[in-house]
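J.: The structure follows.
The values are calculated or read from the model by the stated rules, or taken from the named source; none is laboratory data. As the structure is a prediction and not an experimental result, all values here were calculated from the model. Cβ: placed from backbone, ideal geometry, glycine included. Neighbour counts: every protein chain shown.
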Amino acid sequence: MLAACKGGISNWRKATEKFNEHEKSTLHSDSSQRIAALGSTPINALLSDAAPKTQNTARNVLELMFRSVIFLGKKGIAFRGDNSRDGVLYELMLERTYNLPKEREWPLLWNNRGWYNGCKCHGTIFTDTRYVDKSMEIHTDFLGFYNAPDSTGETLFKCITDVFLRLNIPIERLKGYCFDGASNMSGRFSGVQARLKEVCPDSLFVHCANHSLDLVLQEVGREVSLVAETLNFVQGIATVIRESSKRKELYVYMFGCDDVVNILAICPTRWCVRTIAMKCVCSSYTELQKTLKILKDDKSVRGDARAKIGGLYKQCLKGRTLFGLLCCEALFEPCEAVAKNLQSNNASARGALECTNLLRERIVALRDDTVVQGIESKVSAADLKMPDARQHRASKTPARYRHTTEPEAHAMSTWRQEFFEAVDLLTAELKRRFDQDGMKIAAPRENVLIEAANSRGQQQTLELESLHLPQLISDVDRYRQDLQLKMLGDAIGDSPCHTVQDIATRVAKLHPQARGIFQDVEKLIKLCLCMPIAVASSERSFSTLRRLKTWLRSNMTQKRLTHLTLMHVHSNILDNVDVSALMRVFNSATPERKATFGRLPTWSSRRQQNGAFSANRWHKVGELPMYGELGG
C-alpha cells in the first residue's frame, strides 16, 4: 500500500482487497489515532485541569470537617450513633454541603467507617495541673485522662510520673498536691502522696478540704441516730414520691393554688448539699402527710411499696421526725455555705482554716438550750404526736434507789441529748480533720506575706525558719529576703491586703524595675498561690466525662476521649485556633494526603485579622512555670 501512496494504484481490480489488507495493518491504526487526536484535548492536559478542581473541592470539605469537629467538641455532642452513617458529624456535613453538590459527593462524607475503632476504657483517672504565670495569675488546666490498669498507689504514681515525662516537666518542680482520703492516694506509707514525698521532699500534701468536710458530716450521720433516721426519712420520702408519676401528681394536687415545693433526693456522695432536700421536706410537711395518708390506703399500690408508705406515714406523724429535720437543717446549712467557698479557684490554706474556725464557732453556738427550745416550740406548733410526759424510760433505776414516782427523764430530753451529741461530734471532727501538716505549713507562709504587706513603715520580726521553704527559696540570702518583705508594705499601697492574691495583683502592677526588687518575694507568692486546697476544679473534669462518655460513645478509645475532652474543656482556646494551620499539619502527615488535598494556603483570613495562633498549642504544655500542683 506504501507503493500505491507513492505512485498511485495501477491494478484497480485488486483495489478493494488491498484496501481491506491496509485497514488491518498497524500503520493504518496509528495514523487513524493520530488524526482523531488532532481535534481533541490531550489527556495530560485534561488531568492537569481536573486535579486543581478536585483538590480545591477536597480542601473545602476538609475545612468543613475540621470546623464541624471543633463545633461538636466544644458542645460535647456525640460524633456518631450506632454506626458511621447514623451520627451527628455525618448529618452535619450533609447539612453544610446541601447547596454544594461537588462537596456533597466527596468520599469523605460516606467513607468514614475507618475513623472509629472499638476499644473500651475500663479504668480512667484524670490529671489537672495548677500553676502561676509571670503575671501572677493562677491557672488550673485539664491535661487529659489516663487509662490505668488498676487503682493501686504504685500504678497511679507511675501514671503521674509518666504525665510529667510526656509534658517534659521535671517532677522535682512539683511543690504541692491535693487528693482525697482514699488509702491509695493519701496513704502514709504506700499511697501516692507518700511516693511523691520521696521524690519531692519539699512538696506539701493537703487532704482536700471539701472531702474533709464531707467526712465530718458522714461521721455525724453514722454515729448519731437522730441524724441517721432523719436522712433516711428524707431519702425515703423522695423515693416514694418521685418513683411514680401518679404519686407525684397526687402530691402536687395537695398544694392547690399554692406554689408547689419539689421534693429532692439526697445526693449519695456529697454530704454538703443536702440542706435543700431537708428544707423542701420541712416546708411541705403538711402536704406530705396528706399524700402519704391517701397512698397508704390505696389498693392499687403494690404491697411492698404500700408497707413502706405506711411506715413513712407513721414516722411523719411523730414530733421526733420534724425535730430531727430542723436539727439537721441547723447543722448542715452552715456546712454547705462553707463548702461552697472552699470550692473557689482562689481558695487558700489560710482562708480554709478561717472558714473552718467560723464554722466551728457557729456549731458550738447551737449547743444552747434556747436553740433547742426554739426547735421544740416549732415541733409543738405542728400538732404532731409528742412523747407522753408520764411515760417512764425503758431502762429504769432499780426501785430501791428511787424515792419518787415521777419519771426519771422526759423523752424530749433524749432528743436534746442527741442533738448536743451531734454538735459535739461535729465540732470535734472539724478540729481533727482540718488539723493537717500541710495546712499548718501553708497557712503560716500566707500569714508572713500578708503581715509584711500590711506593716507599712513598721519594723516586724519575720520568722522564716518555721515556714519549711523549699530548697529553691531557702538558698537565697536570708537577709535579702527579710529586707524585701519589710519593703513590700511600702511598695504595694495603702489599702490593706487580705489575701495573697491581693498582694500578687499589686506586685504585678509595679514597674518592671521596681518589681525586680522583690524577686525572692515573688517566689514565695507563687509558692502560696499554686498550693491546692480542694480538688473541686479537678472533679469538674469527671462531670465533663459524664457528659461526654455516653452510651453512644461507650467504645471510644482513650486517645479519642482525651482529645474530645480537651476540646470541650478548653473551648475558649478553640475559638482562636487557626484551622488552616491544623489542616496543614494534617495534610503533611502522609504523601497520599498531599496528593489528595494539594498545597494548602499558608495564611488564613483569621490569622491575618486576629493574629497568629500556634497550631502546636498543646505541644507546648511542657513550658509551664516551675511552680505546679497536681490534683486527682
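J.: How many residues are among the aliphatic types (A, V, I, L, M), out of contact with any helix residue (DSSP H, G or I) (no Cβ under 8 Å at 6 or more places or on another chain) and touching a residue at least 12 places away in the same chain (Cβ under 8 Å) when one looks only at region 571-589?
T.: Number satisfying all stated conditions: 1.
J.: Right, here's the next one. Give the residues of region 372-381 that are of a type in the set (A, V, I, L, M, F, W, C) and surrounded by fewer than 18 Cβ atoms within 10 Å (Cβ to Cβ), sorted by residue number.
T.: Listed by number, the list holds a single entry, Ala381.
J.: In this structure, does Asp482 turn out to be in a loop (DSSP other than H, G, I, E, B) and out of contact with any Gly (no Cβ under 6 Å at 6 or more places or on another chain)?
T.: no
J.: Okay, next question. When the residues of region 345-362 are narrowed to those that are free of Cβ contacts under 8 Å to residues at least 60 places away in the same chain and over 19 Å from Asn447 (Cα atoms), which ends up surrounded by the fewest Cβ atoms within 10 Å (Cβ to Cβ)?
T.: Here the answer is Glu361.
J.: Which residue is farthest from Cys178 (Cα to Cα), if the candidates are limited to region 526-554 and must be modelled with pLDDT of 70 or more and among the small types (Gly, Ala, Ser)?
T.: Filtering first and then ranking leaves Ser543.
J.: On the basis of being of a type outside the set (D, E, K, R) and closer than 30 Å to Ile138 by Cβ, does Gly351 make the cut?
T.: yes
J.: Looking at Asn345, Asn357 in this structure, which one is among the polar types (S, T, N, Q) and part of a helix (DSSP H, G or I)? Before the answer, list the steps.
T.: Working: Asn345 fails: part of a helix (DSSP H, G or I).
None of the others qualify; the one that does is Asn357.
J.: Just checking, does region 14-23 include any residue being out of contact with any helix residue (DSSP H, G or I) (no Cβ under 7 Å at 6 or more places or on another chain), on the phi < 0 side of the Ramachandran plot and at pLDDT below 75?
T.: yes
J.: Need pairs with beta-carbon distance below 7 Å; first residue without any contact (Cβ under 8 Å) to a residue 60 or more places away in the chain and on the phi < 0 side of the Ramachandran plot and within region 153-173, second surrounded by fewer than 16 Cβ atoms within 10 Å (Cβ to Cβ) and part of a helix (DSSP H, G or I); sequence gap 6+ or separate chains.
T.: Matching pairs, first to second residue: Ile171/Thr161; Ile171/Val199.
J.: Quick one: in region 236-256, of everything that is free of Cβ contacts under 8 Å to residues at least 12 places away in the same chain and under 14 Å from Ser284 (Cβ atoms), which residue is surrounded by the fewest Cβ atoms within 10 Å (Cβ to Cβ)?
T.: Result: Gly256.
J.: Among the helices (runs of 4 or more DSSP H) contained in region 177-252, which hold 1 or more residues that are assigned by TED's automatic domain parsing to the domain that holds Ala305? Can you show your working first?
T.: Values: elements: 183-186, 192-199, 209-223, 225-242.
Result: 209-223, 225-242.
J.: Given the condition among the basic types (Lys, Arg), part of a helix (DSSP H, G or I) and within 30 Å of Ala452 (Cβ to Cβ), answer yes or no: does some residue in region 545-565 qualify?
T.: no
J.: Output the residues belonging to region 340-359 that are closer than 18 Å to Thr275 by Cα and at pLDDT 90 or above.
T.: Listed by number, the list holds a single entry, Leu359.
J.: For residues in region 563-605 being of a type in the set (Lys, Arg) and surrounded by 14 or more Cβ atoms within 10 Å (Cβ to Cβ), which is farthest from Gln55 (Cα to Cα)?
T.: Step one: of region 563-605, the residues of a type in the set (Lys, Arg) are 584, 593-594, 599.
After this cut, where a residue has to be surrounded by 14 or more Cβ atoms within 10 Å (Cβ to Cβ) as well, the list is 584, 593-594.
Numbers: Arg584: 14, Arg593: 10, Lys594: 9 Å.
The residue in question is Arg584.
J.: Now for a different question. Within the set of pairs 6+ apart or on separate chains, which have a first residue in region 214-231 that is closer than 27 Å to Phe179 by Cα and at pLDDT 95 or above, a second that is assigned to a helix (DSSP H, G or I) and not small (Gly, Ala, Ser), and C-beta atoms under 8 Å apart?
T.: none
J.: Output the residue which, of all residues in region 273-327 that are in contact with a strand residue (DSSP E or B) (Cβ under 7 Å, 6 or more places away or on another chain) and not in a helix (DSSP H, G or I), is nearest to Gln417 (Cα to Cα).
T.: The extreme case among them is Lys318.
J.: Which residue is nearest to the chain's Cα centre (by Cα), if the candidates are limited to region 345-367 and must be among the small types (Gly, Ala, Ser) and under 24 Å from Val448 (Cβ atoms)? I'd like the intermediate steps shown before the answer.
T.: Start the filter on region 345-367 by keeping residues that are among the small types (Gly, Ala, Ser), which leaves 347-349, 351-352, 365.
Applying the additional criterion that residues be under 24 Å from Val448 (Cβ atoms) yields 347-349, 351-352.
Numbers: Ala347: 17, Ser348: 19, Ala349: 21, Gly351: 23, Ala352: 21 Å.
Of everything passing the filter in region 345-367, Ala347 is nearest to the chain's Cα centre (by Cα).
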